[in-house]
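Working notes for the structure below.
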Amino acid sequence: MKNILAYLLPVILLAACGRADNRNDAASLPRTFNFEKLQLKTISTVINPAKGTTSTLYGNANALLALRVPDSARAGEKTLVLVTWKQQEDARWFGARIPAGLEMIEVVKTGTAFKDPAQAQYQRYNEKGTAVSATNDEQQQRIGFITSIKPAVMP
Amino acid sequence: MRLNKKTKIVVALLLLAFLAAQFYRPTIAVEKPDEKRLAHFSPEVDAILRRACFDCHSNQTALRWFDKITPANWLVADHIAKGRAVLNFSTWNDMAKPDRNAKLWEAVNQAIQGAMPLKSYALVHGAARLSVNDIQVLKNYVKELAPKQEADTAKEAALASQYASLVEEKARPDTLPADVNGIAYIPEYKDWTPISTTQRVDNGTIRIIFGNEVAVKAIREHHTNPWPNGTIIAKVAWDQLTDKQGNITTGAFKQVEYMIKDDSKYKATAGWAWARFKTPALVPYGKTSTFTMECVNCHRPMKDNDFVFTAPIQH
């Protein structure tokens, strides 16, 4: 029996060790946030070099159109989600910077135009997907920033 | 040991065949450099490149005696032909400046990842091996070539013009373009899930990488090495636009690139179809069907990662 194991062990190890799975685990979104269920479109991406963060903005179709034509007073619920990561040097390409650990997720919702930040609701989540508080001033400042991002040109 | 007569005849015949084979040799053209076209960087960088790269990536190949023996010379000639086709420092200045910079960054990345110089070549040409210090010299040099991050009115104007056509929905051509290999532009990428983003300091672009449903499922199930057939990865690149606060966001659209996985259909190109469409007019990249070798060569350092640079983020 021992002999059989001695022969089999290397085979089992080889099969188990295959090629390493390719994932950026630290940057992955918490399952509890249910990003998929929101069925959002990708709007744009913003880097803050001073803070060393990189963010991607997502939104529902209403929000995307409202950002594209800021003066349009489109009816209906608009949802924007800004996900922010720490940045890191890309070990696979010298000259590239990619997302590292997740920092926070911010959600802005409004039924009116984005021009009217006082009407918008703001919620912030930490890297674990837990809701965290923000002061009123902070909320207004973040709503202003998030709703000022222009959608990227995607032909 | 005494050899019998039969063995002696066999050895003699083999020796004769080997000698005869020496008359059958490939031509490896070696030219004097044309100074106007030849690459010149800093003296330090020049010394490294001439020592480690020039044998295969220039017309100034210095063949050693053992490179000239048949059959080794056929292998050497093949390496040189392929090397010169990909990158030739003797005709370096024929390229436009942005292309030269991109090529040098790529070469340095190939060296960092250990893909170049080729292991088989470095094994017998010891002087070609790159030290940690050599790599650092190359890194420091290319860093200086990176475009500066600053507000740029020309970039703002380029975006404004694209934006106007986008809002009027004039940007996209009526029929979807396809490239020389028949790979068509896939407009649905915008509705896929972004699996990562990249700030490319080397070429002043900012990118979002999208994955189709097959890719997203593979990420969730930890099946990304290799990726399953049906995976499509779309990488969209824009100019970096720096605002007054110093934030960098997406400027004018530059291109979208696709990698489409089918390990049998695209076996010759590492299991992927490769395509690139440039500008909002979606001009297909590549004049001949073999342009995909450029893609494969650049991605080769990622061969143990199914030729994919992106480390995908699960959403």
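The values are calculated or read from the model by the stated rules, or taken from the named source; none is laboratory data. Keep in mind that what you see is a predicted model, and the values were worked out from it rather than measured. Here the Cβ is made from the backbone with ideal geometry for all residues, glycine too, and neighbour counts use every protein chain on show.
Need a quick list: strands (runs of 3 or more DSSP E) entirely within segment B:229-291 having at least 1 residues that are among the acidic types (Asp, Glu).
Qualifying strands (runs of 3 or more DSSP E): B:232-242, B:248-261.
Which number in (1) in contact with an Asp or Glu (Cβ under 6 Å, 6 or more places away or on another chain); (2) loosely packed, with under 12 Cβ neighbours inside 10 Å marks the one condition that B:GLU35 misses?
Here B:GLU35 meets the rest and fails (1).
Mind checking whether some residue in segment B:165-174 is modelled with pLDDT of 95 or more and within 8 Å of chain A (Cβ to nearest Cβ)?
The answer is no; no qualifying residue exists.
With the condition being touching a helix residue (DSSP H, G or I) at 6+ places or on another chain (Cβ under 6 Å) and among the β-branched types (Val, Ile, Thr), I'd like the helices (runs of 4 or more DSSP H) fully within segment B:68-142 carrying at least 3 qualifying residues.
It comes to B:72-86.
Quick one: is B:GLY114 under 28 Å from B:ASP202 (Cβ atoms) and surrounded by fewer than 15 Cβ atoms within 10 Å (Cβ to Cβ)?
In short, yes.
Just name the residue that is surrounded by the fewest Cβ atoms within 10 Å (Cβ to Cβ) out of those in segment A:78-105 that are more than 10 Å from every other protein chain (Cβ to nearest Cβ) and basic (Lys, Arg).
My answer is A:LYS86.
Return the residue satisfying two criteria in turn: it lies in segment B:246-269 and is charged (D, E, K, R) and closer than 15 Å to B:THR198 by Cα, and of such residues it is farthest from the other protein chains (Cβ to nearest Cβ).
B:GLU257
Would you confirm whether or not segment A:123-137 contains a residue that is under 13 Å from the mean Cα position of the chain (by Cα), aromatic (Phe, Trp, Tyr), under 24 Å from B:HIS315 (Cβ atoms) and buried (at least 16 other Cβ atoms within 10 Å of the Cβ)?
Yes, some residue in segment A:123-137 is under 13 Å from the mean Cα position of the chain (by Cα), aromatic (Phe, Trp, Tyr), under 24 Å from B:HIS315 (Cβ atoms) and buried (at least 16 other Cβ atoms within 10 Å of the Cβ).
Could you tell me whether A:VAL108 is under 16 Å from A:THR147 (Cβ atoms), within 7 Å of chain B (Cβ to nearest Cβ) and over 12 Å from the mean Cα position of the chain (by Cα)?
In short, no.
Kindly indicate whether any position in segment B:167-182 is surrounded by 16 or more Cβ atoms within 10 Å (Cβ to Cβ), within 23 Å of A:SER44 (Cα to Cα) and more than 19 Å from the chain's Cα centre (by Cα).
The answer is yes; a qualifying residue exists.
What tally of residues in segment B:8-32 results from selecting those that are surrounded by fewer than 11 Cβ atoms within 10 Å (Cβ to Cβ) and of a type in the set (S, T, N, Q)?
Counting residues in segment B:8-32 that are surrounded by fewer than 11 Cβ atoms within 10 Å (Cβ to Cβ) and of a type in the set (S, T, N, Q) gives 1.
Filtering segment B:125-156 down to residues that are surrounded by 11 or more Cβ atoms within 10 Å (Cβ to Cβ) and more than 28 Å from the chain's Cα centre (by Cα), which residue is modelled with the lowest pLDDT?
Going through the qualifying residues, I end up with B:ALA151.
Residues of segment A:111-129 being free of Cβ contacts under 8 Å to residues at least 12 places away in the same chain and either part of a loop (DSSP other than H, G, I, E, B) or within 14 Å of another protein chain (Cβ to nearest Cβ) (or both), which ones?
Result: A:ASP116, single match.
Considering only residues that are under 12 Å from the mean Cα position of the chain (by Cα) and facing another protein chain (nearest Cβ under 7 Å), look in segment A:19-39 and name the one that is surrounded by the fewest Cβ atoms within 10 Å (Cβ to Cβ).
That would be A:GLU36.
Filter segment B:245-281 for residues that are modelled with pLDDT of 95 or more, touching a helix residue (DSSP H, G or I) at 6+ places or on another chain (Cβ under 7 Å) and not hydrophobic (A, V, I, L, M, F, W, C); which is surrounded by the fewest Cβ atoms within 10 Å (Cβ to Cβ)?
The residue in question is B:THR269.
Within segment B:74-114, work out how many residues are over 23 Å from B:PHE307 (Cα atoms) and of a type in the set (S, T, N, Q).
So the answer is 4.
Take segment A:130-146 and flag every residue that is under 14 Å from A:LEU57 (Cα atoms) and within 14 Å of chain B (Cβ to nearest Cβ).
A:ARG142, A:GLY144, A:PHE145, A:ILE146
So in segment B:247-300, with the set limited to residues that are within 14 Å of the chain's Cα centre (by Cα) and of a type in the set (Ser, Thr, Tyr), which one is nearest to B:ASN225 (Cα to Cα)?
Among residues in segment B:247-300 that are within 14 Å of the chain's Cα centre (by Cα) and of a type in the set (Ser, Thr, Tyr), the one nearest to B:ASN225 (Cα to Cα) is B:THR269.
For segment B:172-223, give me each residue that is among the aliphatic types (A, V, I, L, M) and in a strand (DSSP E or B).
Result: B:ALA178, B:ALA184, B:ILE195, B:ILE206, B:ILE208, B:ILE209.
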